[in-house]
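The values are calculated or read from the model by the stated rules, or taken from the named source; none is laboratory data. Remember, predicted model here, so these are calculated numbers, not experimental data. Don't worry about glycine lacking a Cβ; one is built from the backbone with ideal geometry, like all the others, and counts go over all protein chains shown. Areas reflect the complete protein model, heavy atoms only, side chains present, ligands, DNA and RNA absent. Shrake-Rupley method; radii C 1.70, N 1.55, O 1.52, S 1.80 Å.
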Amino acid sequence: MKSNQIYIFCSLLFAVLVTQVACDNPDTDNPGNSEITVVPFGEGGQLKMIYDRRQRPQAIYVNDEVYMVYNAGSHLEGGNGKKTFPFVISYDPKSKTLGKEIQLGTKPDGDQHYCPIIWSDKEDRLHLLYGCHKTPGTHLVSNEGSSIGNSADDWTESSMIRDSMSYPTLFHIYDNKQLMYFRTGEHRSSWSYLISGDN
């Protein structure tokens, strides 16, 4: 697929995601009469710009907002048409409007495995992890709960989760804990998991 085809596909995927997760309630007299609207986002993506089934979540719904992470910006300085940066954006399902997209990484990369994942903690602060493919990646935490802020300055780099990981996936489990599973290195490496009770 070419970059513009990926962009169109991801736009459609996002529209369906937002409609299914947080659409307005359909008319009670005419159930199923909800309208799907394509909401384009991002520009200059790459293969697996928004979705890699091995790495998730890449979109979450917290306090009536959808927050989504993806790779984009290959057209920006340093991207050279192939390399991209991690981005985060918010979406208000009630007004059906996108917020300002925020570029969180400054070093472009062409590795599609470096796509970001996002989750929230007990205080509704957002966590973002990107750049993981036999590497520790970068773990960022939003300075305010339920907010991506206005720029990368509204995020703080947090603790390294592990010195080498690939395909991180996070789930919330019992007792307000988080479980992250991942591969410890390359394709022949073992799968492992960590459980955190302190975010």
**Study point:** Residue that is farthest from the chain's Cα centre (by Cα) [pool: residues in region 131-149 that are assigned to a loop (DSSP other than H, G, I, E, B) and over 15 Å from MET68 (Cα atoms)]
**Key:** PRO136
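Can you pull out the residues in region 55-72 that are in contact with an Asp or Glu (Cβ under 7 Å, 6 or more places away or on another chain) and either on the phi > 0 side of the Ramachandran plot or crowded, with 20+ Cβ neighbours inside 10 Å (or both)? Before the answer, list the steps.
Just the residues of region 55-72 that are in contact with an Asp or Glu (Cβ under 7 Å, 6 or more places away or on another chain), to begin with: 62-63, 65, 72.
Within region 55-72, ASN63, ALA72 meet the criteria.
For region 95-104, enumerate the residues that are assigned to a loop (DSSP other than H, G, I, E, B) and among the aliphatic types (A, V, I, L, M).
First, the residues of region 95-104 that are assigned to a loop (DSSP other than H, G, I, E, B): 95-96, 99-101, 104.
Correct list: LEU104 only.
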Revision key, fill the gap. Quick count over region 190-199, residues being within 15 Å of ARG54 (Cα to Cα) and surrounded by 10 or more Cβ atoms within 10 Å (Cβ to Cβ), is 3
Point to revise | Residues (in contact (Cβ under 8 Å) with a residue 12 or more places away in the chain, in a loop (DSSP other than H, G, I, E, B) and farther than 14 Å from LEU129 by Cβ) located in region 164-199 | key: ASP175, ASN176, THR184, GLY185, GLU186, SER189, GLY197
Review point. Looking only at residues in region 131-172 that are closer than 22 Å to ASN63 by Cβ and polar (S, T, N, Q), which one is surrounded by the most Cβ atoms within 10 Å (Cβ to Cβ)?
Key: SER142
Check your understanding: Of the numbered conditions (1) loosely packed, with under 14 Cβ neighbours inside 10 Å; (2) under 20 Å from the mean Cα position of the chain (by Cα), ASN176 satisfies every one except a single condition; which is it?
Key -> (2)
Review point. Looking at region 105-130, which of the residues that are without any contact (Cβ under 8 Å) to a residue 60 or more places away in the chain and either open to solvent by less than 20 Å² (accessible area, probe 1.4 Å) or not in a loop (DSSP other than H, G, I, E, B) (or both) is nearest to SER147 (Cα to Cα)?
Key: LEU128
Exercise for review: Test GLY78 against the criterion of being in a loop (DSSP other than H, G, I, E, B) and open to solvent by less than 10 Å² (accessible area, probe 1.4 Å), and give yes or no.
Suggested key: no
Check your understanding: Which residue pairs have Cβ atoms under 8 Å apart, sit 6 or more places apart or on different chains, and have a first residue in region 32-47 that is within 20 Å of CYS115 (Cβ to Cβ) and a second that is modelled with pLDDT of 85 or more and of a type in the set (Asp, Glu)?
Key -> PHE41/GLU101; GLY42/GLU101
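Is it the case that region 87-94 has a residue that's on the phi > 0 side of the Ramachandran plot and of a type in the set (Lys, Arg)? Outline the logic, then answer.
In the first step, residues of region 87-94 are kept if they are on the phi > 0 side of the Ramachandran plot; the result is none.
No; the residues of region 87-94 include none that is on the phi > 0 side of the Ramachandran plot and of a type in the set (Lys, Arg).
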